[in-house]
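For reference, the structure discussed in these notes is given below.
Please treat every number below as a calculation from the coordinates, not as lab data. Everything numeric here is computed off the predicted structure, so don't read it as measured data. As a convention, Cβ positions derive from the backbone with ideal geometry for all residues, glycine included, and neighbour counts pool all protein chains shown.
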Amino acid sequence: MRDFPLFPEQASTFANQVDQLYFFLVALSLIFAGVLPFVILYLIVRYHRSQKVDRSNPVDSNLKLELTWTLIPLALVMLVFFWGAFLYVQMRTPPARTLDVYVIGKQWMWHVQHPNGKRENNELHVPIGQPVKLIMTSQDVIHSFYIPAFRIKQDVLPGRYTIMWFEATKPGEYHLFCAEYCGTEHSLMIGRVVALPLADYERWLATPGPVVLPDGTIDTGQAIVAPSIGDPMAAAGARLFTNLGCLGCHAMAGGGVGPSLQGLYGATEKLADGSTVVADENYLRESILNPNAKIVAGYAAVMPSYQGQISEDQLNQLIAYIKSLADTGN
Amino acid sequence: MSTISLPQSSYIRDNSRTFIDWLKSWLLTVDHKRIAILYLLSINFFFLLGGLAATLVRVELITPQGDLMSSDVYNRAFTLHGVIMVFFFLIPSIPAVLGNFLVPLMIGARDLAFPRLNLLSWYLYMIGGIFALIAAVFGGVDTGWTFYTPFTSTYSNSNVVMSITGVFIMGFSSILTGLNFIATIHKMRAPGLTWFRLPLFIWANYATSIIQILATPVLGIALLLVIVERVWGVGIYDPALGGDPLLFQHLFWFYSHPAVYIMILPAMGVISELISTFSRKRIFGYEFIAFSSIAIAILGFLVWGHHMFVSSQSVYAGLIFSFITMLVAIPSAIKVFNWTATLYKGSISYRTPMLYALGFIGLFVIGGLTGIFLGVTAVDLHVTDTYFVVAHFHYVMVGGTIMAYLGGIHFWWPKMTGRMYNEIWGSIAALIIFVGFNMTFFPQFILGYLGMPRRYHVYPPEFQILHVMSTAGASILAIGFIVPLIYLAISLRKGAIAGDNPWGATGLEWKTSSPPPTFNFDKTPIVTEEAYAYPPEAAERDAASWRPGSPL
Amino acid sequence: MATITHEEAHVHAHGPELQHQFETPEQQKEAATLGMWAFLVTEIMLFGGIFMAYIVYRWAFPEAWEESAALLNTPLATVNTVVLLVSSLTVALAVNAAEEGNKRRLLTMLALTMLLGLTFLVIKGYEYSEKFAHCAGAKDPISWITGSDLHESHECLVPGRGFLFPEEHGATGGSHGAAHTASMQSGHQLFFLLYFCATGLHAIHMIIGLGVMSAITIMALRDRFSPTYFTPVEIGGLYWHLIDIIWVFLFPLFYLV
């Protein structure tokens, strides 16, 4: 059976829930698709023209019958809709405390960076029993990050972040697929997800190893700092923040040309046009690349765009830095 | 009624003396029946071409490695299969062939309202088809039939502009057909033929036409913008240039989801005709079937977002689209139940078209139910973009539309040609197709739930057994499609003379000779009764007249 | 089942204009009008796609929209709007004249309509060539041809590789020049792309409309119409009104944002 599976492994907290709904749908389908053909078979045999049976008083409409077979299916689909809807909202809403991992998709590989700066290609190491949030973007076309054993999939779009979360339950290696057609080597944009116990994951995080960066250069993977000392991804973001001269306007104490970024992430910002926006990853991204799209109330639209000036990788680091500012703000 | 020879004058015969005259009389015809035959030939040509591409894909997938062809060739093969089958076979199939032939006949008109527009629509179809063919011959296109941006607009190095132009032109052909049917059905019905006396095939085509004229232009503009973006290099869909990749998906599915109903609604119309005729009974719940067509047409415009549950559209949008998707399942269910109820107390015969109709119900039920799986958001996150989706839409499109198309062709073959085909071979082919189809696509549901993504050239080895099963089924299916070609072609010369009404059906098309004269009716019919007006004792009388040796 | 014979139905009211598939001229006229209305619905959906894109990007790039609209030639477009509205009136009068069987007035009105349509296209063409002339570095189309009189500030509003939005119109302007063009380029360029697509599509419709009107004029010259049969004038008029209505939407969306 090892080489001929008929049902996928269950390796996340979602898997069992999705499968239960799936089996319920299969059962419902069997009632219709399993019973209806036999009804039809019975009718076409019994009422075949060669059969001498009672055919008097044929009916050609019956309102009660019509309502029955309208309302019962309606009730059933509403049931599965609400069941599916609650599960869907849960699957799309990450919990407050998650392990944030940044993913970049490009033709035709996945690049992953963990919060301590550890990078890997076409592999994703995650701890079990811990909610993991993937913050994903693409460098070129639309991809889709798909882990069948976790029953979860999310398209990865260029020009914005998409979020996906899961909690692995079982150590092991699982398929990682690109599920959105992305060109010639689409079927080779695959890899594996390695779920490890937390201790093993942390040990793995601290192991240096060379890796190819999204721009093609090779990172020796030497500069790994133990997670307890600090967050190198945010540290790299902080260096960038200084080098790009962001600090000149976004003074941490406030009172600069631009708003202070202290405690910004996750807060609700009031905009110049009176509306409000929650400062999530996509808002931060937009404000860096297209600053004039949303102007914070009380500030002028003077920030230049950094579109084309920084790579997706650097953008991830900047955002990791800005997010770390929210933590110290608390 | 003479059953010894074909009628002296019919739309097929003409007095042209030379070959050129004869060719002209066909290529410049404005007769809806001749245009239907032109469509029949060209659409079947494209069907065979699309089938060839499918064969390549299935053969490649026998092994997990990409050994038969390179990934570039594989991508071009499945794109060719998709583009040809969707845009050049399924969308025009039943409306343009059976609809063109039957709409005027069924409503007692001499022709469609705009015969020249009708001919123009065939030429547009052919021009679009030639563009698609040229694109395929000179290197092909590798974007998938969905043309997702920014891959299509910026990254693909293939004949994108050529293919899209072909689809764009074909779209206008589809619009013109829809326009023609709407005007014809509204204004050209025979005296006494009120809306609720119309055959359900007409209702289905009417609903289809509404979708065609409303949705197709949106596809046109979406594709036009792709061309502009590729040629001019301006960001409409590519975020690197300031565009929005999701805009394309919204515009595309705004057309392409209703387009699914362009494909299936006329098929449902055909099935209503077949079930009623071969049960010798008025169809059960006429009004419910008629209105369910309209309901599908309207709701079909509001569910496009269910193709985009994982595309990063908001959770709320996902929930709303999922909810409406659940509603659109209901009218289809109503139809299935009404067809089943029609069988009760009928006098059922197992002629070839009826076998297709029964096959349709079985396959469409599976296709429809798996559609609910996909409409339920939480399950869709797992199975979308996998073979589950592939299996689902093949159950609806092949199991639904093609079964109905073949059933319809067999049912109206005597009317189109005046001759009968070989009944035994007909039944055998129908059974082969049914079995082959299920063998091909049922394993794909399992593959999909296992997580096998679609459009994969190489795949993990544990999926191989199911893929091999699927390919084995596909070869049976291919035989099933070739057999009818042979016996139908033979019937053109050798087939028994059919007579005006070989099935003993109701409906105006059976009241004229087979094949019909150029202007359809010698005298304009006046309708005094409803559709499927079998008298209450029709089934009883039909069964009583059955003797061992009469057709089953 | 009673029947009417073909001959009965056809011979009586069989004018030369009644096509074989119709029973009566009324039926023919109704079918033609309904077909035209269905076509108009299709057309509205066609432009609907562009309006959809317009809404999405206007929401995404509000400032770029505002700044770009300021660079369109609003006075010329206003003149064009008036021209089109007047042509709608002349078309309506033409239909009226056909109804009354007044051939002379019908021809006059058709000629006037075509003249107005042509005027519209000429003005539109000037507007377009102005944009292209700026790309070539000339001040206006005339100096572009003669090769004199260079444009004072460099700008190119035709989407493509050479697209360059002029500095002084940008809200941010100033010292961050390079970054500014990079950020706002896309929004501005999208505006002009949609502008060219929408007005270009509209102009193509106008050209087709002129063709339709010429065909109708030729038919009128050959005395094809009578107070009982003037369907082509009527459906041609419907089409012309559609062109006008689309412009009435395009004008405020692009010029007056």
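Brief remarks on what is shown
- Here is the short version for the protein assembly as shown: A:C178, A:C182, A:C246, A:C249, C:C197 have no other Cys C-beta closer than 4.7 Å.
- Within 10 Å of each Cβ in C:197-207, the average number of Cβ atoms from other chains: 1
- Shape class of the protein assembly as shown from the Cα gyration tensor (axes a ≥ b ≥ c, square roots of the eigenvalues): oblate, since a/c reaches 1.5 or more and a/b does not exceed b/c.
- Under 5 Å, built H, 5+ apart or other chain: amide partners of A:D100: A:K133
- Phi-based couplings in Hz for segment C:239-245 (Karplus 6.51, -1.76, 1.60; Gly and Pro marked x): 4, 4, 4, 4, 4, 5, 5
- Counted charge near A:N122, where neighbours are those whose Cβ lies closer than 13 Å (Asp, Glu -1; Lys, Arg +1): -1
- In straight-distance terms, cross-link reach from B:K345 covers every one of the lysines whose alpha-carbon lies under 27 Å from its own, apart from those fewer than eight places away in the same chain; here that gives A:K52, A:K64, B:K281, B:K335, B:K511.
- Per residue of A:69-76, other chain Cβ atoms within 10 Å of the residue Cβ number 5 on average.
- Peptide A:6-15 has a mean shielding of 2, counted as Cβ atoms of other protein chains within 10 Å of each residue's Cβ.
- For segment A:194-199, Karplus couplings with θ = phi - 60° (6.51, -1.76, 1.60), whole Hz, Gly/Pro x: 10, 9, 10, x, 3, 4
- 3J(HN,Hα) couplings calculated from phi for segment C:206-215 with the Karplus curve 6.51 cos²θ - 1.76 cosθ + 1.60 (θ = phi - 60°) are, in sequence order, 5, 5, 4, x, 4, x, 4, 5, 5, 4 Hz; Gly and Pro show x.
- Annotation: amide H of B:T386 within the under-5 Å range of B:R454, sequence separation 5 or more or interchain, hydrogens built in the peptide plane.
- Anchor B:K33: aspartates and glutamates whose Cα lies under 14 Å away (excluding residues fewer than 8 positions away in-chain): B:D14, B:D111, B:E509
- Cut-off under 5 Å, modelled amide H: who pairs with A:W110 long-range: A:N122
- For B:K494, the aspartates and glutamates whose Cα comes closer than 15 Å to its Cα, not counting residues fewer than 8 places off in the same chain, are B:E423.
- Per-peptide packing, taken as the mean over residues of other Cβ atoms within 10 Å, places C:199-211, A:53-65, B:444-456, A:167-179 in the sequence B:444-456, A:167-179, C:199-211, A:53-65 from highest down.
- Three-way shape call for chain B based on the alpha-carbon gyration tensor, with the a/c threshold at 1.5: prolate
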